[in-house]
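Report on the structure given below.
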Amino acid sequence: MLLAGAALISGRLYDRFGIRMLLQGGFFFITVIALLLTVTISFHTSYILLVVAYALLLLGIGFMLTPITAYAMMSVPHDIIRHASPMTITLRMLSSSMGGALLVTIMTATSSVSFSGSMLEGIRASFGILTFISGIGFVFSLYLSEHSKLDDATL
């Protein structure tokens, strides 16, 4: 529900302000929340903090997905747009699955089953990698062009 609400709001903000602001804000938000979780997560972390942090991560993702999809679809020629939309959805699902599998693999590889405290280190390592990847996304978003084919098109 939160993700859908963020997608609706971000769609309207994208129409008004463009993609750069939304991507920079979304990546910055995800980076800060992931860094906060990397530093503060422990065995004594409250469930409320974890739920709020997860909701904020989803909010950041929601503010990025709709504008990225709209920006990508504007660069596709009109005669193949009916193929590009399902391909975008497929690639989004595959990449999110692979990203989740990568983070779980990192968590498992850096933790040991014999000692429960090391599982916490694996979780911190996963959030650290997520922080790093979202930080790279933020840096890349600084160089994103606002120019789109829609600006040049005659409708």
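Highest GNM mean-square fluctuation among LEU130, LEU37, LEU91, for the chain modelled with Cα contacts below 10 Å: LEU91.
Given contacts defined as C-alpha pairs under 8 Å and at least six residues apart, what's the relative contact order of segment 25-127, whole-number percent?
For segment 25-127, the relative contact order is 31 percent.
Taking every protein chain into account, the accessible area of the chain amounts to 66 square angstrom per residue (probe 1.4 Å).
Shown for the chain: the carbon plus sulfur share of the solvent-accessible area, taken with all protein chains present and a 1.4 angstrom probe, equals 75%. Have a look at THR90, MET73, GLY137 and report the one farthest towards the positive end of the charge dipole of the chain, computed about the Cα centre with Cβ charges (Lys/Arg +1, Asp/Glu -1). It is THR90. For the chain, the Cβ-based charge dipole about the Cα centre amounts to some 160 debye (Lys, Arg positive; Asp, Glu negative; other atoms uncharged).
Once you have the alpha carbon radius of gyration of segment 1-147, what is it after dividing by 2.2 N^0.38 Å, with N set to its residue count? Spell out each step's value before the answer.
On the way: Rg = 17.2 Å, N = 147, 2.2 N^0.38 = 14.7 Å.
Dividing the Cα Rg of segment 1-147 by 2.2 N^0.38 Å gives 1.18.
Within the chain, which whole H helices from DSSP have a Cα span along their axis of at least 27 Å and a mean Kyte-Doolittle hydropathy of 0.0 or more, if any?
Values: long enough: 19-40 (31 Å, 1.91); 47-74 (41 Å, 2.02); 81-109 (41 Å, 0.87); 116-141 (38 Å, 1.15).
Correct list, ordered by number: 19-40, 47-74, 81-109, 116-141.
Each label point was placed 7 Å from the Cα along the Cα-to-Cβ direction; for SER95 and GLU146 their separation is 2.3 nm.
The values are calculated or read from the model by the stated rules, or taken from the named source; none is laboratory data. Being a predicted model, the structure only gives us computed values, none of them experimental. Every residue, glycine among them, receives a Cβ derived from its backbone with ideal geometry; neighbour counts consider all protein chains shown. Accessible surface areas use protein heavy atoms only, side chains included; no ligands, DNA or RNA. Shrake-Rupley method; radii C 1.70, N 1.55, O 1.52, S 1.80 Å.
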